[in-house]
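Working notes, beginning with the structure itself.
What follows draws every value from the coordinates through simple rules; no lab data is involved. Note that the structure is predicted; figures quoted are calculated from it, not measured. FYI the Cβ positions are ideal-geometry reconstructions off the backbone, even for glycines, and counts take in every protein chain you see.
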Amino acid sequence: MTNKEERDNHRPSINPVLAHLEAIATGIKWLTRKPMTLMYPDMEEKKPEYFRGFIIFNYNKCIGCSLCAQICPPRAIHMYRVPGDKRIRPGYDAGRCIHCGLCTDICPTDALDVSPVHDEVFEQIGSMDFDPVEWHIISKKLVEEHAKRKRKLVITRVDEEVGLRYEPVE
Ligand code: SF4
Ligand code: SF4
């Protein structure tokens with residue numbers, strides 16, 4: 001007997017009519033229940049205090065020590081020469097970043113920080129790679145836009161009956 005024949009022998013027989021009726025009954029049952037999905041983007045899960053989203057950079061605080069680039073595990077930070085600036089400054093490839101936060105910990109001047117921004121969309125991989133000036137500008141823009149967003153903040157609870165339940169944050 002082949003493996004396939006053996007599998008077929010052990011497969012439970014299914015009555016197609018009953019299976020369809022069960023599927024319809026399940027659909028009707030769930031019509032009256034609240035959806036389990038998070039209604040993104042109108043709802044957003046409240047992030048913990050030190051949530052590590054997009055890493056933000058303040059050019060004006062940077063002293064060009066390059067510690068951030070040296071410690072970054074996936075080499076998401078590279079040092080650049082910027083025209084008109086005597087010091088080297090870091091640029092950031094958000095596509096490589098694993099959000100470990102090491103760069104923010106080691107930066108001696110707090111020029112780097114974590115942000116709650118986690119859902120920025122980029123059209124191409126290359127557009128996630130920022131030189132120091134671009135990184136400074138996009139950091140400011142993303143944080144400002146994120147603060148302006150009107151979203152209902154929720155926390156997630158595990159519900160034995162429906163799976164997940166979202167409760168509004170008071
Ligand atoms: S958070 Fe980690 S991976 Fe991302 S840039 Fe900083 S050190 Fe690199
Ligand atoms: S660790 Fe801080 S001060 Fe040093 S280069 Fe990086 S961002 Fe600039």
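Among all residue pairs at least 6 apart or on different chains, which show Cβ distances below 8 Å where the first residue, located in the stretch 53-68, is farther than 20 Å from His118 by Cα and the second is more than 10 Å from ligand 2 (Cβ to nearest atom) and β-branched (Val, Ile, Thr)?
Correct list of pairs: Tyr59/Val133.
Quick one: in the stretch 121-136, which of the residues that are within 15 Å of ligand 2 (Cβ to nearest atom) and farther than 16 Å from Ile63 by Cβ is surrounded by the most Cβ atoms within 10 Å (Cβ to Cβ)?
Phe130
Can you name every residue in the stretch 81-96 that is surrounded by fewer than 18 Cβ atoms within 10 Å (Cβ to Cβ) and either within 9 Å of ligand 1 (Cβ to nearest atom) or outside any loop (DSSP other than H, G, I, E, B) (or both)? Give the steps one after another, and end with the answer.
Just the residues of the stretch 81-96 that are surrounded by fewer than 18 Cβ atoms within 10 Å (Cβ to Cβ), to begin with: 81-88, 95-96.
If the condition is that a residue be surrounded by fewer than 18 Cβ atoms within 10 Å (Cβ to Cβ) and either within 9 Å of ligand 1 (Cβ to nearest atom) or outside any loop (DSSP other than H, G, I, E, B) (or both), then Arg81, Ile88, Arg96 are the ones that fit.
Check Ala69 against each of (1) in contact with a strand residue (DSSP E or B) (Cβ under 6 Å, 6 or more places away or on another chain); (2) farther than 30 Å from Thr109 by Cβ and name the one condition it does not meet.
Of (1) in contact with a strand residue (DSSP E or B) (Cβ under 6 Å, 6 or more places away or on another chain); (2) farther than 30 Å from Thr109 by Cβ, only one is false for Ala69: (2).
One residue is enough: does the stretch 152-159 have a residue meeting the conditions in contact (Cβ under 8 Å) with a residue 40 or more places away in the chain, among the hydrophobic types (A, V, I, L, M, F, W, C) and crowded, with 16+ Cβ neighbours inside 10 Å?
Within the stretch 152-159 (the criterion being in contact (Cβ under 8 Å) with a residue 40 or more places away in the chain, among the hydrophobic types (A, V, I, L, M, F, W, C) and crowded, with 16+ Cβ neighbours inside 10 Å), the answer is yes, since at least one residue qualifies.
Identify all residues within the stretch 102-120 that are within 15 Å of ligand 2 (Cβ to nearest atom), in contact with a strand residue (DSSP E or B) (Cβ under 9 Å, 6 or more places away or on another chain) and either assigned to a loop (DSSP other than H, G, I, E, B) or closer than 19 Å to Glu134 by Cα (or both); write none if there are none.
Cys103, Thr104, Cys107, Ala111, Leu112, Asp113, Val114, Ser115
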